[in-house]
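Below: the structure, in structure tokens.
The values are calculated or read from the model by the stated rules, or taken from the named source; none is laboratory data. Given the structure is predicted, the values throughout are model-derived calculations rather than measurements. Every residue, glycine as well, gets a Cβ built from its backbone with ideal geometry; the counts of neighbours run over all protein chains shown.
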Amino acid sequence: MTFMFEVYYKPPVDPAREEVLTQQVSGFGGLLDFREVPEPHENLGICLTYEFEGLEQAEQAASFLRGRGEHVEGPVTYGP
């Protein structure tokens with residue numbers, strides 16, 4: 001079983017921010033699994049989904065990002 005959380009931020013797309021987030025998460029063993037960007041006419045945030053092998057690592061990474069002001073939902077179980 002794997003675990004995941006989602007990081008949301010408001011548009012516009014910010015590749016530099018995403019790179020920093022991904023580097024920070026990878027330090028906890030997480031991998032960027034999915035990136036969802038809304039259509040231009042939608043007023044939704046950008047969603048980055050990170051996957052982890054262990055719940056403890058996912059929880060630590062989520063706590064780390066929240067401590068830096070990021071909007072994180074999860075972690076939750078992911079997949080079979």
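Miscellaneous remarks
- When the test is whether a residue is modelled with pLDDT of 95 or more, among the small types (Gly, Ala, Ser) and farther than 14 Å from residue 30 by Cα, residue 67 passes it.
- Conditions (1) of a type outside the set (A, V, I, L, M); (2) at pLDDT 95 or above; (3) touching a Ser or Thr at 6+ places or on another chain (Cβ under 7 Å); number of the one not met by residue 78: (2)
- Segment 28-80, residues that are assigned to a loop (DSSP other than H, G, I, E, B), within 15 Å of residue 4 (Cα to Cα) and over 13 Å from the mean Cα position of the chain (by Cα): 53, 54, 79, 80
- Test for residue 49: is it farther than 20 Å from residue 66 by Cβ and at pLDDT 95 or above: no
- Considering the conditions (1) among the β-branched types (Val, Ile, Thr); (2) surrounded by 14 or more Cβ atoms within 10 Å (Cβ to Cβ); (3) touching a Phe, Trp or Tyr at 6+ places or on another chain (Cβ under 7 Å), residue 37 is excluded by exactly one of them, (3).
- Matching residues, segment 3-23, being surrounded by fewer than 16 Cβ atoms within 10 Å (Cβ to Cβ) and within 21 Å of residue 75 (Cα to Cα): 8, 10, 17, 19, 20, 23
- Any hit, segment 44-58, residues being touching a residue at least 40 places away in the same chain (Cβ under 8 Å), β-branched (Val, Ile, Thr), under 16 Å from residue 73 (Cα atoms) and surrounded by fewer than 17 Cβ atoms within 10 Å (Cβ to Cβ): no
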